[in-house]
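Some notes on the structure that comes next.
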Amino acid sequence: MAAEDLVERRSIDVVPDDERHGTAFSQFTLWLGANLQITAVVTGALAVVFGGDVVWSLAGLVLGNLLGGAVMALHSAQGPKLGLPQMIQSRAQFGVKGAVVPLVLVILMYVGFFASGSVLAGQATAQLTHTDDTTGIVLFAVVTAFMAAVGYRVIHALGRVASVICALAFVYLGIRLLDRVDLSALLGDARFDLPMFLLAVSLSASWQLAFGPYVADYSRYLPRATSAKATFWWTLSGSALGSQWSMTFGVLVAASAGDAFLAHQVGYVVGLGGTGLIASFLYFVIALGKLTINVLNTYGGFMSMVTSISGFRGLKVLGPRGRAAYIAVIMVAGTAVALLGKDSFLTSFKDFLLFLLTFFTPWSAINLVDYYLISKERYDIPALFDPHGRYGAWRWDALTVYGVGLLAQLPFLVTHFYTGPLVEPLGGADISWLVGLVVPAALYWALARRGAVAPGAGPRPERGVSPTADEAPAP
């Protein structure tokens, strides 16, 4: 393949049929590789660090991964049908300009995940390069930005490589861990505590739901005839398997290691494997796993920024310099946050995950109800680029539903800096994410059934497939 074919030319424009390629199985390898990584290990460990036992933490994490993963995979199934990035579809619900409201929050998410990933990957990179953590974070960020600039093909190739190498490393680490711990003792000390169980569910559900705003970015090049069911199941299986594998390892490490793990997560995990060349290989694996997911975050942030700006400026052409500039903004912002927050990682990351969940569950609910139940998988795609078209510039009805969904969660939310008034009557349990899915979904569906949020004027489009390259505007 020539270098010019490797570098992606598309951004938020429709992918034409003659550029579609791949199979639904590519979603399995991408999301398996993206989840077999150190931040997922830390996410699972948080369930124990904050008070849960091993058995019920694992059960809660499984439930959250399946529930959140199913929502995430439903977004993935939209990609082959529409040939569009995930967040530009939000224009059908919120308007061409109104979609900037969830988009701003999505961009903040990308910066936050880039930062949190860079903290842990920077530690591994520093060990490999014999530098300090700050230098490791910066080096890692530069490599991430370069690969995101190349685009879609290299991202999927990276996922395939990472899925194999990281799986082998986790098998080895799992064997080493089981040699050190008394598994029967850990599993025998089961004590159900509802708030801790729901915290585990929320941690893994938020992990999965946070992929929702960009998951279709990586399925949009699949041929239009690709089965939606196949896309759904391969995405769900790769993401849920990879994250549960990593989180289970994290639970067992945190339960058996205690302060030794908390003091230096990367160093302790590598120490399980050994020293010398084995340690170097494991540092490489940690950096590789984080590179996979941070490239996704950088690429998604670039796409979201282009989508936001094009809604107001009518951006039609984005050259290589423009693409590099957007990616550089994400890289610089994420690196700055990583350097500022690297010394208080665990607490900050837990609160960041749960805070993100507050904003993205209402968006997921509205998007999925509109796509599958109201629009029946049919969008007027040229109108997604026209603020004077059927979807309009601002859809205040949908934005109001989104706002109600946000507010409805606050009484049930538990974070380090805010706890809702209804948390204590529930025994300290955080059920905000459930409220954030159910309330806006029900409200949006009810209003749409009454015609209160019908998208624009005129009948529902007869075809919801992507227009040809000649019909679709090219950003």
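The values are calculated or read from the model by the stated rules, or taken from the named source; none is laboratory data. Please read these numbers as outputs of a predicted model, since none were measured by experiment. Don't worry about glycine lacking a Cβ; one is built from the backbone with ideal geometry, like all the others, and counts go over all protein chains shown. Side chains included, ligands, DNA and RNA excluded: accessible areas come from the protein's heavy atoms. Shrake-Rupley method; radii C 1.70, N 1.55, O 1.52, S 1.80 Å.
What the table below lists for this structure:
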{"quantity": "Radius of gyration and Dmax over the Cα atoms of segment 241-297, both given in Å", "calculated": "12.2, 32"}
{"quantity": "Packing rank of 94-103, 330-339, where each peptide gets the mean count of other beta carbons within 10 Å, highest leading", "calculated": "94-103, 330-339"}
{"quantity": "Dimensions (Å) - segment 86-202, Cα atoms, principal axes, largest first", "calculated": "56, 44, 28"}
{"quantity": "Relative contact order %, the chain, counting alpha carbon pairs below 8 Å whose residues are six or more apart", "calculated": "32 percent"}
{"quantity": "Of the DSSP H helices in the chain, those whose Cα atoms cover at least 24 Å axially and whose Kyte score averages 1.6 or more", "calculated": "100-129, 133-150"}
{"quantity": "Proximal lysine pairs, the chain, alpha carbons under 20 Å, eight or more residues apart or interchain", "calculated": "7"}
{"quantity": "Net charge of Cβ neighbours under 15 Å - reference Tyr110; Lys, Arg +1; Asp, Glu -1", "calculated": "0"}
{"quantity": "The chain - mean residue ellipticity at 222 nm from DSSP helices (-39,500 (n - 2.57) per run, n ≥ 4, rounded to 500)", "calculated": "-22500 deg cm²/dmol"}
{"quantity": "Rg to Rh quotient for the chain, alpha carbon positions, Kirkwood Rh", "calculated": "0.96"}
{"quantity": "Separation between Cα centres of segment 257-316 and segment 41-109, rounded to whole Å", "calculated": "17 Å"}
{"quantity": "Sequence ranges 288-299, 191-202, ranked by mean other-Cβ count within 10 angstrom, highest first", "calculated": "288-299, 191-202"}
{"quantity": "Asp18-Ser280 pseudo-label distance in nm [points 7 Å out on the Cα-to-Cβ vector]", "calculated": "4.9 nm"}
{"quantity": "Modelled FRET efficiency - R0 60 Å, Arg180 with Ala442, Cβ distances, 0.05 increments", "calculated": "0.80"}
{"quantity": "By accessible area with a 1.4 Å probe, ligands and nucleic acids excluded, highest first: order of His130, His21, His75", "calculated": "His130, His21, His75"}
{"quantity": "Highest average packing first - 170-178, 264-272, 361-369, 140-148, Cβ atoms within 10 Å", "calculated": "361-369, 140-148, 264-272, 170-178"}
